[in-house]
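Presented below is the structure to which this report refers.
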Amino acid sequence: VGIDPLTNLFDSVFLEPKLNRLIEELNYESEKRKSPLQAVMVIFIDINHFKTLNDEHGHDMGDEALKVLAMRLRQETKRGDELFRPHGDEFVILLPIKHENVDTNEVFARLKEKINTDLVVNFADAQVRFTVSMGLKVLNKGEQATAKDLLKKADEKMYIDKRLMKGQTEVN
């Protein structure tokens, strides 16, 4: 418990405690700290049409898609970012922002593009492309929110993104 055996990412057990620690650090005041947190980005990710992928290609293909996405998340995040697979085909990234005046929307858009570029599963003589929907909630220094609220809002934004992408062909 604590590490998802399929992706080797943290599972739901550590998600809220780690986010709560970041929230505490964000609101901790100290002149002695070299680079205090300025914000925390909470990104919720979900594989588009995952049920269809499993139904049409089998659960082993679905497992491979989860592994491919986990690998991509590792490639596109940096040291200090926290990666989670709380359950199913949902993933969460916690990004601590240590510099002032970071355009979190730009960071999110760039990360979304990099994650979604050429996501491909090669498995059992089949090649399947897939995409993900992503939602963002940012907590800035001085703002208050609970871990549950941040995760819920990022999840809600992810579902808005999913609805916007609905017309696109996601699994082929």
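Give segment 117-138 a look and list any residue that's open to solvent by 70 Å² or more (accessible area, probe 1.4 Å) and either polar (S, T, N, Q) or without any contact (Cβ under 8 Å) to a residue 40 or more places away in the chain (or both), or say none. 118, 122, 125, 127, listed by residue number.
Entry remark, segment 33-57: residues being farther than 16 Å from residue 91 by Cα and open to solvent by less than 10 Å² (accessible area, probe 1.4 Å) number 4 in total. One residue is enough: does segment 58-72 have a residue meeting the conditions open to solvent by 30 Å² or more (accessible area, probe 1.4 Å), touching an Asp or Glu at 6+ places or on another chain (Cβ under 7 Å), over 18 Å from residue 108 (Cα atoms) and at pLDDT 95 or above? No, segment 58-72 has no match at all. Could you go through segment 139-153 and let me know if any residue there is out of contact with any helix residue (DSSP H, G or I) (no Cβ under 8 Å at 6 or more places or on another chain), of a type in the set (Lys, Arg), open to solvent by 100 Å² or more (accessible area, probe 1.4 Å) and closer than 16 Å to residue 46 by Cα. Within segment 139-153, one or more residues are out of contact with any helix residue (DSSP H, G or I) (no Cβ under 8 Å at 6 or more places or on another chain), of a type in the set (Lys, Arg), open to solvent by 100 Å² or more (accessible area, probe 1.4 Å) and closer than 16 Å to residue 46 by Cα. Answer yes or no as to whether residue 111 is over 22 Å from residue 163 (Cβ atoms) and either crowded, with 18+ Cβ neighbours inside 10 Å or in contact with a Cys (Cβ under 6 Å, 6 or more places away or on another chain) (or both). Taking the combined requirement at face value, the residue does not satisfy it. Just one of the listed residues (76, 16, 25) is modelled with pLDDT of 95 or more, more than 20 Å from residue 122 (Cβ to Cβ) and out of contact with any Phe, Trp or Tyr (no Cβ under 7 Å at 6 or more places or on another chain), and it is 16.
Checking each residue in segment 90-107 for being open to solvent by less than 30 Å² (accessible area, probe 1.4 Å) and not polar (S, T, N, Q) picks out 90, 91, 92, 93, 94, 95, 96, 97.
Yes/no matrix, rows are residues, columns are (1) more than 19 Å from residue 150 (Cα to Cα); (2) modelled with pLDDT of 95 or more:
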residue	(1), (2)
87	no, no
90	no, yes
110	yes, yes
113	yes, yes
116	yes, yes
123	yes, no
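The values are calculated or read from the model by the stated rules, or taken from the named source; none is laboratory data. These numbers were taken from a predicted model, which means no experiment stands behind them. Methodologically, a virtual Cβ is constructed for each residue, glycine included, from the backbone with ideal geometry; neighbour enumeration extends over all protein chains shown. Ligands, DNA and RNA are stripped out before the accessible areas are found, and what is left, the full protein with its side chains, is counted by its heavy atoms. Shrake-Rupley method; radii C 1.70, N 1.55, O 1.52, S 1.80 Å.
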